[in-house]
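First the structure, in the form of structure tokens, and then the observations on it.
The values are calculated or read from the model by the stated rules, or taken from the named source; none is laboratory data. Here the structure is a predicted model, which is why all the values come from computation and not from measurement. Cβ sites come from the backbone with ideal geometry, for glycine too, and all protein chains shown count toward neighbours. Keep in mind that these areas ignore ligands, DNA and RNA; they rest on the heavy atoms of the full protein, side chains included. Shrake-Rupley method; radii C 1.70, N 1.55, O 1.52, S 1.80 Å.
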Amino acid sequence: MALFKKNLNFLRTFQKPLYNKLRRLKPKKIKSSKNGLDLIIHGESFYGGNARSASCQQVDFFFQHPMHFSLKYQSKQGNTWFHQIAINGLNDLALSLNYQEAGRPTQSNLFILGTGLGLFIESLNDWQRFKNVIIVEPSSEMLFHFLHHVDIEELNNSCIDKGGRLVLLQPNSISHFNEMMNSLLDKLGEGFLSEVTVFRHYETELFDYIYNNFRELRDGWVSAWGFYDDEVIGVEHSYKNTKIGKFYSKTQSNIQSELLNKPVVIVGNGPSLDKQIGQLKSLENKVIIVSCGTSVGALVRAGITPHFHAEMERSLFTVHVQKKWFTPSLCDTTTLLALNTVSPEITEKFTHKVMFCKHNDLGSYYLNSIANRELATLKYCNPTVTNFAVSACLNMGFESFFLVGCDYGFYDQNKHHSSNSDYYDSQECLSKVTLKEQRSEIGNDGRVFYTTRIFRMARASMEQLIDRNRNKKFYNCSDGASIKGTSYYEIQDLHSQLKDDIRREKIQLLIDDPSLVEVKCDNKLGHFLENELKFLKELLDGLDMVSDKQLLNYLNLKKNELSGNINSHLLLSGVFKYVLMTIEGHINRLSISEVDMYLKGAALELKKLFNSIYSNLATLTKGM
């Protein structure tokens with residue numbers, strides 16, 4: 001009881017809400033055994049009589065089969081991205097100091113799934129040096145008993161000595177756990193995910209999901225960071241696109257209802273497009289066909305000219321890949337749907353185009369800062385072009401959507417896209433692309449199919465978009481992922497419902513719709529990004545003053561400052577996250593005696609990195 005009171009006293013300042021929850025708690029479902037070495041749950045022994053013996057056996061087994069996850073970024077020679085140049089330099093520095101890439105790290109971070117009585121913690125700490133300890137225990141009653149056996153103040157002090165801390169999480173679902181983890185990244189810094197050890201003490205549905213899917217969960221926490229060069233490209237493209245076309249605004253649209261009621265067929269480039277393409281050809285003048293990215297090649301090969309073509313990528317690689325399909329004939333006939341970030345080399349080819357701003361994008365914020373009307377910004381418009389196409393067409397007011405070739409997976413690893421596309425033309429660079437399945441799932445036809453992280457993200461984004469537009473109709477005509485909110489539909493069944501042909505001229509008249517506005521750009525970028533230049537100057541001054549040992553804390557502090565300014569956050573936060581992950585990953589695999597030398601060299605690399613970004617941004621803002 002004395003230890004419990006000590007722990008409660010610590011929680012009073014360490015985690016007040018948990019203290020308030022536990023201080024008057026009287027467990028009803030979980031009881032302590034008479035000897036205090038077991039828990040009784042619904043009358044059944046939790047440990048089989050002796051928690052210490054059971055915990056020792058579990059830990060011994062864990063030592064033989066540890067669940068450990070490492071994450072590092074490889075060097076890419078010749079890559080000119082600012083953060084990648086820094087990663088290259090930091091990797092070279094670490095290797096010069098006998099960085100051990102394989103084997104058990106010098107230091108890790110521990111996730112504990114379920115506390116029980118916690119009698120395993122001492123053995124785990126003896127086995128591995130843990131900087132941060134994250135305890136996940138939703139049950140307050142289980143925590144109540146845990147606090148009778150483990151001194152959490154001592155455990156926290158042990159973490160502090162290594163530069164980390166103890167964290168207690170009580171999620172009630174996997175989505176709640178994800179929210180907690182994203183918040184925790186701001187406090188601990190992304191670098192703690194570079195080395196993670198996961199220990200599951202007992203099984204629950206939540207713990208099992210985290211344990212079995214930890215790699216995928218972690219990949220989600222470290223994805224979609226963005227980076228400086230990418231945001232700058234997006235701003236430059238946005239600036240140039242103002243001189244090429246109009247942007248969709250929040251002004252009321254006058255698109256004719258007869259057009260909006262026509263079925264919109266969103267054509268992805270999945271394998272099942274092959275068996276649907278004949279039906280699409282016969283429906284070409286009855287439905288509105290939207291080609292998405294590389295699916296345009298498969299459609300054109302089949303003699304189909306889409307009504308809309310959608311593009312969202314800012315990369316110049318897209319320009320190269322699609323060049324042969326963007327003929328004068330197609331670009332005069334098909335209306336382009338494009339995000340503000342798309343290369344002007346694409347947007348300028350099309351006679352008719354409608355452009356949209358991407359949500360949470362620096363270029364979009366820039367355009368809205370200079371537009372005379374508020375521009376519409378699209379949510380859930382990535383990671384694939386099909387996501388953007390649906391989001392754009394919803395924004396224009398279309399009512400019903402038929403997803404064709406939107407498989408978000410594949411049944412055969414050697415056939416991951418339509419066989420009529422450039423992925424299977426040996427003369428095209430896309431033919432060198434290979435996809436490796438990461439997980440098997442049950443498809444919408446009941447068969448097992450394979451998917452990747454990006455495809456799963458695309459499906460999840462589509463499901464969120466559909467959920468927020470329940471007044472619209474969505475049909476899944478693809479063979480692949482089952483998409484929540486859609487009904488399965490055979491595309492050929494549309495024949496009996498459609499009579500009137502669609503006149504392309506009506507679609508092309510969209511560019512005269514009052515919801516489309518010209519954005520006049522008058523060299524205001526320098527003013528738009530002046531705070532970012534000021535921030536970088538202050539950061540560089542601070543790097544000259546901060547001690548090497550405080551380098552990580554200083555970086556994390558400055559990264560968190562970015563959250564107060566959306567422009568700064570979008571432009572620079574990704575760079576911070578990449579270098580924090582890299583630096584901490586190196587420290588975790590260097591001997592303790594070499595860390596000081598590494599930090600001294602890392603500080604020099606960071607000064608080079610942020611000096612380069614400052615010079616680049618200053619030049620950019622003067623030129624636009």
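If we sort 286-293, 425-432 on the protection proxy, mean other Cβ atoms within 10 Å, highest first, what's the order?
Sorting 286-293, 425-432 by mean packing, highest first, produces 286-293, 425-432.
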**Report entry** Note, ³J(HN,Hα) from phi for region 133-143, Karplus 6.51, -1.76, 1.60, rounded to Hz, x at Gly and Pro
**Finding:** 10, 10, 9, 10, 8, x, 7, 5, 5, 5, 5
Query raised in the report: According to a simple spin-label model (label point 7 Å from Cα along Cα-to-Cβ), what is the distance in nm between Phe63 and Asn565?
Result: 5.3 nm
**Report entry** Magnitude of the charge dipole, region 340-499, Cβ model with Lys/Arg +1 and Asp/Glu -1, debye to 20
**Finding:** 480 debye
Query - Set of aspartates and glutamates near Lys29 by C-alpha distance (under 19 Å), chain-local residues within fewer than 8 positions excluded - result: Asp38, Glu44, Glu137, Glu141, Glu203, Glu205
Query raised in the report: Gain in length, Leu260 to Ser282, computed as 0.36 nm per residue apart minus the alpha-carbon separation, to one decimal in nm?
Result: 5.8 nm
Query raised in the report: Taking a spot 7 Å from the Cα of Arg470 along the direction of its beta carbon, which residues of region 374-417 have an amide N less than 13 Å from it?
Result: none
Query - At least 24 Å along the helix axis (C-alpha) and Kyte average at least -1.0, DSSP helices within the chain - result: 566-587, 595-623
Requested in this report: Would you please put 246-258, 539-551 in order of how densely packed they are, using the mean number of other Cβ atoms within 10 angstrom per residue and starting with the highest?
Outcome: 246-258, 539-551
Report summary line: By the mean-Cβ-within-10 Å protection proxy, highest first, 169-179, 195-205 rank as 195-205, 169-179
Query raised in the report: Listed here are the pairs Lys76/Lys432; Lys577/Lys607; Lys250/Lys534; Lys286/Lys472; which of them are more than 25 Å apart at the Cα?
Result: Lys250/Lys534
Report task. For region 463-547, give the magnitude of the charge dipole about the Cα centre (Cβ charges: +1 Lys/Arg, -1 Asp/Glu; no others), in debye to the nearest 20. Result -> 380 debye
Query raised in the report: Which FRET efficiency, nearest 0.05, do Met597 and Ser33 yield, Cβ-Cβ r, R0 45 Å?
Result: 0.30
Report task. Can you pull the one-decimal nm distance between simple spin-label points at Lys534 and Tyr202, each 7 Å off the Cα toward Cβ? Result -> 5.5 nm
Query raised in the report: What percentage of the solvent-accessible surface of region 475-543, computed with a 1.4 Å probe over protein heavy atoms, is contributed by carbon and sulfur atoms?
Result: 45 percent
**Report entry** For region 524-624, size of Cβ-based charge dipole, Lys and Arg +1, Asp and Glu -1, in debye
**Finding:** 260 debye
**Report entry** Label selected from (i) 29.5; (ii) 26.4; (iii) 27.4, the criterion being Kirkwood radius over Cα pairs in Å as computed here
**Finding:** (iii)
Query raised in the report: Considering only Val150, Leu8, Asn88, whose Cα is most displaced toward the positive end of the charge dipole of the chain, charges sitting on Cβ of Lys, Arg (+1) and Asp, Glu (-1)?
Result: Leu8
Report task. Mind ranking Lys34, Lys559, Lys506 by accessible surface for me, highest first, 1.4 Å probe? Result -> Lys34, Lys506, Lys559
Query raised in the report: Any idea which of Asn285, Met181, Thr106 is furthest toward the positive side of the dipole for the chain, if Lys and Arg beta-carbons carry +1 and Asp and Glu beta-carbons -1?
Result: Met181
Report summary line: Taking only protein heavy atoms and a 1.4 Å probe, the highest-to-lowest accessible-area order of Lys31, Lys26 is Lys26, Lys31
Query raised in the report: If contacts are Cα pairs under 8 angstrom and at least 6 residues apart, what is the relative contact order of region 15-153 in percent?
Result: 23 percent
Report summary line: Set Lys240/Lys379; Lys262/Lys349; Lys415/Lys436; Lys16/Lys549; Lys323/Lys349, cut-off 20 Å on Cα-Cα distance; pairs above it are Lys240/Lys379; Lys262/Lys349; Lys16/Lys549
Report summary line: Karplus-derived 3J(HN,Hα) from phi for region 27-39 (6.51 cos²θ - 1.76 cosθ + 1.60, θ = phi - 60°), whole Hz, x at Gly and Pro, runs x, 10, 8, 10, 10, 8, 6, 4, 8, x, 10, 7, 10
Query raised in the report: How much length is gained if the chain between Lys240 and Asn553 is pulled fully straight, taking 0.36 nm per residue apart and subtracting their Cα-Cα distance, in nm to one decimal?
Result: 108.8 nm
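Probe radius 1.4 Å, ligands and nucleic acids left out: which of Tyr380, Tyr423 has the largest accessible area, and how do the rest follow?
Tyr380, Tyr423
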Query raised in the report: What length, rounded to one decimal in nm, is gained on full extension from Lys162 through to Ser70, with 0.36 nm per residue of separation minus their alpha-carbon distance?
Result: 31.2 nm
Report summary line: The simple spin-label model distance between Thr13 and Ala618, using points 7 Å out along Cα→Cβ, in nm, is 4.5 nm
Requested in this report: Work out the FRET efficiency for Ser487 and Lys379 from their Cβ-Cβ distance, taking R0 = 22 Å, and round it to the nearest 0.05.
Outcome: 0.40
Query raised in the report: Over the chain, what is the relative contact order in whole percent, taking alpha-carbon pairs under 8 Å and six or more residues apart?
Result: 17 percent
Requested in this report: Among His359, His416, Ala302, pick out the residue whose Cα is farthest towards the positive end of the charge dipole of region 282-441, where Lys and Arg carry +1 and Asp and Glu carry -1 on C-beta, about the Cα centre.
Outcome: His359
Query - Cα centroid separation, region 377-420 to region 323-351 (Å) - result: 19 Å
Report summary line: Per the 1/(1 + (r/R0)^6) rule, R0 = 41 Å and r from the Cβ atoms of Arg503 and Ile454, FRET efficiency to 0.05 is 0.65
